[in-house]
C-alpha cells in the first residue's frame, strides 16, 4: 500500500477519489478531521493546476460536497470492512505473503471503485475548464509541476533514499508504534530497490496530463469526460503508455514485499498496537458513514 495523500497533486480525480484511503495510508489521526479539511485540501490542490474563477470555484464547491456525501455513505463502510479484516488477520497469527497479497488485491479493488465513483464528480468540475485559456493554464501549471518535481530527483541519491525511508517509517509507526533499528533497515533495503520509480512515474504523469488537456480541448460530454478521468486515474497506461503497466505492477509487488517483511517482523506489542489502531480507524469510518 502506498501513501496516497502525498500524491494528491496528480490531477483532480486523484484529489477527489481517495479521501478515506488518505486516512489509512497517509496517517491522518482522525477520519472526521480529514473530512473536515478535505474541502480545503481539494480546492488548494485544484488551484495549483486550474484557473478557478468564480464560476469554476462554485462548481468545484458543489461537486466536492456531493462527492464527500457519496464517499461517506458508499465507500467508507467498505474501507472499514477491509481494515477490520486486516485486524482479524493480524490477530490470527504469523503473516504470510499470500495473505498480504490478498489484502493488496482488495485494496486496489477499492481504489478502482473509488476512482470510478468519483469520476463523474471530477468531470462535472472539469466542465468549467474547456476554454482555450483555461486549458493553456492547466498545461502551463502541469509543466511547472513536473519540472519542479523532476528537479527534486537531482538531489543526491542518499538524501532521496533517506527522505523516503523516513516518510515510510512514519507511516508504519502510526499503526504499530516505534520501529526498531532492524525494522527501519528492512524499510531502507526495500526503498533502495524502488529508487528511480518516481522519475518514471513523473514521465507517465506528464503523458496523462497531456492526454487530459487534449480531451478537454474537444469539449466532450460528461459521460465521456468521466470515463476518461476514471481511466486516466487508475489505468492511464491503457490510454497513453502501455509499457508502463509492467512498471506499475512491479511497483505494487515491491510495496507488497516491503509490507510483508515489516509485518512479519513485528513483535507482540507492535502487533497489538496494529490491531487496536486498525479497529479504531474502522470504527471511526463506520460512525462517520452512519452520520447525516
>> Could you tell me the relative contact order of the chain? Use alpha-carbon pairs under 8 Å, at least six residues apart, and round to a whole percent.
In response: 33 percent
>> Quick check on the chain: helices-only [θ] at 222 nm, where DSSP H runs of length 4 and up contribute -39,500 (n - 2.57) each and the sum goes over total residues. Nearest 500, please.
In response: -27500 deg cm²/dmol
> For the pair residue 243 and residue 157, what calculated FRET efficiency results from E = 1/(1 + (r/R0)^6), where r is the Cβ-Cβ distance and R0 = 25 Å, to the nearest 0.05?
Replying inline: 0.50
> Angle, helix 31-49 long axis vs. longest principal axis of the chain, Cα atoms, 0 to 90°, nearest 10?
Replying inline: 40 degrees
> At a Förster radius of 22 Å, what calculated FRET efficiency corresponds to the Cβ-Cβ distance of residue 41 and residue 213, to the nearest 0.05?
Replying inline: 0.40
>> Let me make sure I get this right: for the stretch 63-192, a, b and c are the square roots of the gyration tensor eigenvalues over alpha carbons, sorted descending. Under 1.5 in a/c it's rounded, otherwise prolate if a/b > b/c, else oblate. Which is it?
In response: oblate
> Rounded, prolate or oblate: which one fits the stretch 134-185, using the alpha carbon gyration tensor with axes a ≥ b ≥ c (rounded when a/c is under 1.5, else prolate when a/b beats b/c, else oblate)?
Replying inline: oblate
> Using the Kirkwood radius built from alpha carbon pairs, what does the Stokes-Einstein equation give as D for the stretch 151-292 at 25 °C and 0.890 mPa s, in µm² per second?
Replying inline: 135 µm²/s
>> Sort 251-259, 263-271 by packing, meaning the average of other beta carbons within 10 Å per residue, with the highest value first.
In response: 251-259, 263-271
>> Connecting C-alpha atoms closer than 10 Å in a GNM of the chain, tell me which of 54, 217, 88 has the biggest fluctuation.
In response: 54
> Ranked from highest to lowest mean number of other Cβ atoms within 10 Å per residue, what is the order of the peptides 218-225, 185-192?
Replying inline: 185-192, 218-225
>> I'd like to compare 159-165, 125-131: which one has the highest average count of other Cβ atoms within 10 Å, and what's the full order after that?
In response: 125-131, 159-165
>> Between the stretch 179-201 and the stretch 94-125, what is the separation of their alpha carbon centroids in Å?
In response: 23 Å
> Can you give the extra length, in nm with one decimal, that the chain gains between residue 139 and residue 189 once fully stretched, where that is 0.36 nm per residue apart less the Cα-Cα distance?
Replying inline: 14.3 nm
> If you build a Gaussian network model of the chain, linking Cα atoms that sit under 10 Å apart, which residue out of 106, 235, 116 swings the most?
Replying inline: 106
> Just 114, 273, 180 to compare: in a GNM of the chain, with alpha carbon springs under 10 Å, which one fluctuates most?
Replying inline: 180
> On a 0 to 90 degree scale, rounded to 10, what angle separates helix 76-92 from the longest Cα axis of the chain?
Replying inline: 20 degrees
> Using alpha-carbon positions, what is the distance between the centroids of the stretch 252-267 and the stretch 223-237, in Å?
Replying inline: 30 Å
> Roughly speaking, what is the centre-to-centre gap between the stretch 61-80 and the stretch 145-172 when only Cα atoms are used, to the nearest Å?
Replying inline: 31 Å
> Expressed as a rounded percentage, what relative contact order does the stretch 125-230 have, with Cα pairs under 8 Å and six or more residues apart?
Replying inline: 44 percent
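Computed from the coordinates by the stated procedures, all read-outs in this text should not be read as laboratory data. Keep in mind it's a predicted model, so treat the numbers as computed, not measured. Using ideal geometry, Cβ is built from the backbone for each residue, glycine included, and neighbour counts are taken over all protein chains shown.
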